[in-house]
Amino acid sequence: MVVFLFLNKSPFFAQNNTVNLNGVTQTPVLSFCQSNTDQHNIDCFRLTLQNYIAERIKLPYDSLNNPIEGKAKAYLLFTKEGSLEIKAIRSKNKVLSNIAYKIFDDFPSFTPASIQDKPVSMSLVLPLNYTFSNKPSQYYSIYEVSPPQLKMYKKEKSNKELRRLYRDAVSTFISRSGYKSHNINGKKIISIEFEVDSLGNACNFRDLITSDTNKEKKLNDLALKKLSFKIPANIHGVPVKIKDTIDLLSVAREVKR
């Protein structure tokens, strides 16, 4: 997902004592820009706000797991008391309108904008462009992403917890598939490399100890029917592909990482 942020310099509310970004001598001072309180630093304000949005915005999906793309505009007021007010969010798509409000739920307090050291309220129009973007040839490790999930959970889980559940699901699938382990130095070992695509489908299982095309084909055919994650691996809400290796004897040790 690519999020384009443009800081509109045009006023959108005809309010007394409210100015736009171009009309202040000092922008609102966000936490990252504390060292710049003595100067009018639009670039730092823009970058900090953009990073804040990028960390919280998520591309929504419909019931068929298709990304919902479109545009929204957030009409914001940075008050002279140092708080953020959302005056309106407009979009042709109601889904985008609704989820955009959540982005600003935990917006931190800040030093208000000022004109010649006098605090003022500052209006801002913030367009958001929800566009799906993915690198189809790039694979990630399970430690770089929010792990795949078999279902939605009522309570939010950490990536460590999701990783454990994901590994449990894969190891259980392989164990129940009847795939034969290898006897090495008196130990039965199964070491499998596999992928999970950006739709959540587990695929391309490959035995790392002894390859057997027919057995691996059966395992992959079974995976198409039995192992599909409802929520694919993602980075900031954008589905990505992962490549992983699992040793069934070390699953418990791996999830502690």
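Bear in mind these aren't lab numbers, they're just calculated from the coordinates by the rules spelled out. Note that the structure is a prediction, hence the values are computed from the model and not measured. Glycine also receives a Cβ, built like all others from the backbone with ideal geometry; neighbour counts cover every protein chain displayed.
Computed extension length for LEU150-ASP62: 30.0 nm, one decimal, from 0.36 nm per residue of separation with the Cα-Cα distance subtracted.
Relative contact order of segment 18-130, taken over Cα pairs closer than 8 Å and 6 or more residues apart, is 37 percent. Here segment 93-112 and segment 200-238 have alpha carbon centers that stand 37 Å from each other. Here the Karplus curve 6.51 cos²θ - 1.76 cosθ + 1.60, taken at θ = phi - 60°, turns the phi angles of segment 145-159 into couplings of 10, 7, x, x, 10, 6, 7, 7, 10, 5, 10, 5, 10, 6, 4 Hz, with x standing for Gly and Pro. The dipole here belongs to segment 75-192: it is taken about the Cα centre, uses +1 on the Cβ of Lys and Arg and -1 on the Cβ of Asp and Glu, and is about 820 debye. Using the Cβ-Cβ distance between ILE184 and ASP221 with R0 set to 25 Å, the FRET efficiency works out to roughly 0.40.
Taking the Cα centre of segment 46-90 as origin, work out the dipole magnitude from +1 charges on Lys and Arg Cβ and -1 charges on Asp and Glu Cβ, in debye rounded to 20. Walk me through the numbers on the way to the answer.
Values: 8 positive and 5 negative charges, 41 e Å.
Using only the charged Cβ atoms, the result is roughly 200 debye.
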